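Reviewing the structure listed below.
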Amino acid sequence: MLYNVALVAVVITCFVRGWPVSKRVLNFDAGLVLFVLAVLANVAYCAAYVPDVVIQQSSYREVWLRTRWILLLVGTLFAAAVTYLLVSGMFGVGPNANGNW
């Protein structure tokens with residue numbers, strides 16, 4: 001839940017910062033793009049289960065159970081950065097909007 005909330009917050013922030021350009025971009029096609037990106041983000045989230053299960057079956061299980069929140073944090077920050085890069089251009093935020101960040 002935290003992962004999805006973080007990504008939605010990035011999209012909403014870019015949408016608000018890019019107003020009124022983002023208002024013009026909001027249409028059915030943009031909605032489909034955002035839907036596909038949301039599905040791909042959740043597929044990427046599920047990829048974290050592979051190392052999680054493997055490490056839980058190893059001798060590092062005890063340490064992993066105490067520190068696996070780091071994987072969630074790093075994965076969420078990485079996904080938020082990728083989300084920003086993808087939607088900032090869509091909503092008129094970022095370097096291509098006015099020549100600077």
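For this structure, a couple of remarks:
- Out of Val8, Val43, Val82, Val93, one residue alone is part of a helix (DSSP H, G or I) and surrounded by 15 or more Cβ atoms within 10 Å (Cβ to Cβ). It is Val82.
- Of all residues in the range 42-60, those that are among the aromatic types (Phe, Trp, Tyr) have Cβ atoms under 9 Å from Cβ atoms of residues that are at pLDDT 85 or above, 6 or more apart or on another chain, in Tyr45/Tyr3; Tyr45/Asn4; Tyr45/Gly75; Tyr45/Thr76; Tyr45/Ala79.
- The range 11-40, residues that are in contact (Cβ under 8 Å) with a residue 40 or more places away in the chain and either among the hydroxyl-bearing types (Ser, Thr, Tyr) or in a helix (DSSP H, G or I) (or both): Val11, Cys14, Phe15, Arg17, Val21, Ser22, Val25, Ala30, Val33, Leu34, Leu37
- Residue satisfying all of: in the range 35-71; under 12 Å from the mean Cα position of the chain (by Cα) and not small (Gly, Ala, Ser); nearest to Thr13 (Cα to Cα) among these: Leu37
The values are calculated or read from the model by the stated rules, or taken from the named source; none is laboratory data. Predicted, not measured: the structure shown is a model, and the values here were computed from it. We place every Cβ from the backbone using ideal geometry, glycine too, and count neighbours over all the protein chains shown.
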